[in-house]
Amino acid sequence: MVTISRHDRAAARTKAIMQATLALAQEAGYAKLSIEAVAARAGTGKHTIYRRWTSKGLLFLDSLLSLNEPALDYPDTGDVRADLRRQIHAAVDLLANPPWGPLYQALVGEAQHDPAVAAGLNERFIRPQADKTIARLKAAQDRGEVSSDFDLDLAMAILSGPLYFQLLITQEPMTHDYVDRVLQALFAGMSPRH
């Protein structure tokens, strides 16, 4: 007889809750997502959900970030522009398509109203990605590929700002060509001055 441990049951219940959350968010949109509907779909009580997540937004954050954690690491080939291009193209591909794109837009929207979701999103996704970008730029700066006096935090803002503007404000398609134009503009200002 095989016995299932309490830990295994809890892990299976957590997985079912997060899968139900994502499925319902994709079907009806985040605005119509409810803890009651998630509990019903996952076959659990809403008190079970509230013991782990204090809000729908935090449940949604965990659920989205559990969705095969995106591999958005930077290569370091010695060509910072090519490395940034490859990584940002991967991010654009992720955000331009379901399920990540529409769900991520909904999560960023929820972060505008829920400080705990904003803090969690920043701590668990945005800040780590920004830190990776800045580290890759710093390595390039140390090798003389970019100007030694260029503000790397500003470079990160210049890289991400247009992408978030397009994703969240204009909702125009993010394309590789658009990324390439952003990189060209950034490197016009970051190139070493001789």
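The values are calculated or read from the model by the stated rules, or taken from the named source; none is laboratory data. Worth saying up front: this structure is predicted, and the values here are computed from it rather than measured. Neighbour counts run over all protein chains shown; Cβ positions are idealised from the backbone, glycine included. Heads up: the accessible areas ignore ligands, DNA and RNA and are worked out on the full protein's heavy atoms, side chains in. Shrake-Rupley method; radii C 1.70, N 1.55, O 1.52, S 1.80 Å.
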(Q) Using a 7 Å offset from the Cα along the Cα-to-Cβ direction at both Ser55 and Arg127, what is the distance between the two label points in nm, to one decimal? (A) 1.7 nm
Q.
I need the semi-axes of the equivalent ellipsoid of the chain: take the C-alpha gyration tensor, multiply each eigenvalue by 5, square-root it, list largest first in whole angstrom.
A. 38, 18, 14
(Q) Per residue, how much accessible surface does the chain expose to a 1.4 Å probe? Answer in Å², no decimals. (A) 55 Å²
Q: May I ask for the angle, rounded to the nearest 10°, between helix 56-65 and the longest principal axis of the chain, with both axes built from Cα atoms and the value confined to 0 to 90°?
A: 60 degrees
Q: Please determine, in degrees from 0 to 90 and to the nearest 10, the orientation of helix 152-164 with respect to the longest principal axis defined by the Cα atoms of the chain, where the helix direction is its Cα long axis.
A: 60 degrees
Q: Find out how many positive minus negative residues lie around Ser34, taking Lys and Arg as positive, Asp and Glu as negative, among other residues whose Cβ is under 12 Å from that of Ser34.
A: +3
Q: Name the most mobile residue of Arg41, Arg127, Arg51, meaning the one with the largest mean-square fluctuation, in a Gaussian network model of the chain with Cα contacts below 10 Å.
A: Arg51
**Q.** Sulfur and carbon atoms: percent of accessible area, region 34-172 [1.4 Å]
**A.** 54 percent
(Q) Less than 12 Å Cβ to Cβ from Met174, Lys/Arg counted +1 and Asp/Glu -1: what total charge do the surrounding residues give? (A) -3
Q: Starting at the first residue of region 117-122, write each ³J(HN,Hα) from the Karplus equation 6.51 cos²θ - 1.76 cosθ + 1.60 with θ = phi - 60°, in whole Hz, x for Gly and Pro.
A: 5, 4, 5, x, 4, 5
Q: Could you let me know the centre-to-centre spacing of region 3-19 and region 128-194, using Cα atoms, in angstrom?
A: 41 Å
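Which of the trypsin sites (Lys or Arg not before Pro) found in region 75-139 are loop residues per DSSP with 16 or fewer other Cβ atoms within 10 Å of their Cβ?
Numbers: sites: Arg81, Arg85, Arg86, Arg124, Lys132, Arg136, Lys138; in loops: none.
Those that pass, being in a loop and sparsely packed, number zero.
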Q: Using θ = phi - 60° and the Karplus relation 6.51 cos²θ - 1.76 cosθ + 1.60, list the HN-Hα couplings for region 10-20 in order, rounded to whole Hz, with x at every Gly or Pro.
A: 5, 5, 5, 5, 4, 4, 5, 5, 5, 5, 5
Q) What does the charge add up to near Gly57, with Lys and Arg as +1, Asp and Glu as -1, over the other residues with Cβ less than 9 Å from its Cβ? A) -1
Q.
Please compute the modelled spin-label separation between Ser66 and Ala185, points set 7 Å along Cα→Cβ, answer in nm with one decimal.
A. 3.9 nm
Q) What FRET efficiency, computed as 1/(1 + (r/R0)^6) with R0 = 25 Å and r the Cβ-Cβ distance, is obtained for His7 and Ala40, rounded to the nearest 0.05? A) 0.50
Q | In order through region 132-139: 3J(HN,Hα) via Karplus (6.51 cos²θ - 1.76 cosθ + 1.60), integer Hz, x for Gly, Pro | A | 5, 5, 5, 4, 5, 5, 5, 4
Q) Once both axes come from the Cα atoms, what is the angle between helix 100-111 and the longest principal axis of the chain, in degrees from 0 to 90, rounded to 10? A) 80 degrees
